[in-house]
Amino acid sequence: MFLATVPKAVWYIARGSGAISMILLTVSVVLGITTSMRWATPKWPRFVTEGLHRNVSLLSVVFLALHIVTAVGDGYVPIRWLDVVVPFGSAYKPLWLGLGAVAVDLLAAVVVTSLLRVRLGHRVWRAVRWLAYACWPVAVIHGLGIGSDSGQAWMLGIDLVAVASVAAAVWWRLTVGQRALTSPIAAARS
């Protein structure tokens with residue numbers, strides 16, 4: 001009886017870890033934008049936001065790894081390990097799975113350059129960090145296209161909140177951030 005329930009458990013873990021990974025990646029992107037704005041208050045210093053961003057990013061990678069291992073290991077659909085990193089070559093839903101592979105590749109580039117930041121230099125590291133902005137929407141589209149729960153109201157709600165959160169953070173960065181960067185006070189601080 002236990003062995004009969006294991007495949008179902010793996011399937012639930014694959015689904016849940018994918019959703020949690022997307023939520024954590026969303027939080028990471030929003031915190032990354034907040035960090036880039038150097039936002040702080042007396043009760044919430046900048047190092048707290050930076051530390052939270054780093055830890056949430058790491059946790060999103062852990063849940064992504066769990067999602068990948070369980071999706072490949074489930075065996076219900078033909079997903080190979082190669083399909084995880086080589087986009088659009090899968091026999092199973094090549095477009096949607098390929099977008100997931102693109103998101104994994106972009107995130108891997110961000111993680112590797114973050115680990116090698118000291119050796120690469122700030123300019124290269126910062127340029128590659130922009131891939132995180134490309135990774136997030138690709139991951140969201142992957143989930144909408146291939147996720148078994150993508151049509152469920154609760155998952156659509158999570159997707160809507162995620163998109164609205166990142167859109168609000170980007171809007172804040174582009175509008176308020178530009179004013180803050182061009183204000184006389186900001187110029188005097190530089």
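The values are calculated or read from the model by the stated rules, or taken from the named source; none is laboratory data. Because the structure is a prediction, the values reported are computed rather than measured. Cβ sites come from the backbone with ideal geometry, for glycine too, and all protein chains shown count toward neighbours. Accessible surface is based on the protein model in full, side chains and every heavy atom, while ligands, DNA and RNA are left aside. Shrake-Rupley method; radii C 1.70, N 1.55, O 1.52, S 1.80 Å.
Some observations on this one:
- Among the residues examined, V62 qualifies as assigned to a helix (DSSP H, G or I) and open to solvent by 50 Å² or more (accessible area, probe 1.4 Å).
- Selection from the range 79-108 of residues that are open to solvent by 60 Å² or more (accessible area, probe 1.4 Å), in a helix (DSSP H, G or I) and within 16 Å of H142 (Cβ to Cβ): V85, L95, W96
- Test: residue in the range 71-78 that is of a type in the set (S, T, Y) and surrounded by 20 or more Cβ atoms within 10 Å (Cβ to Cβ): no
- Any hit, the range 41-57, residues being modelled with pLDDT under 95, open to solvent by 80 Å² or more (accessible area, probe 1.4 Å) and either under 13 Å from the mean Cα position of the chain (by Cα) or closer than 22 Å to G151 by Cα (or both): yes
- Contact map, the range 33-55: residues that are within 23 Å of L131 (Cα to Cα) and without any contact (Cβ under 8 Å) to a residue 40 or more places away in the chain paired with residues that are assigned to a helix (DSSP H, G or I) and of a type in the set (G, A, S), Cβ distance under 7 Å, separation 6+ or inter-chain. Pairs shown: H53/S28; H53/G32.
- As a summary of the residue check, D149 satisfies the conditions (1) open to solvent by 30 Å² or more (accessible area, probe 1.4 Å); (2) charged (D, E, K, R); (3) under 30 Å from Y12 (Cα atoms) except for the one numbered (1).
- Number of residues in the range 25-39 that are of a type in the set (D, E, K, R) and part of a helix (DSSP H, G or I): the value is 0.
- Scanning the range 65-78 for residues that are assigned to a helix (DSSP H, G or I) and farther than 16 Å from K8 by Cβ yields A65, L66, H67, I68, V69, V72.
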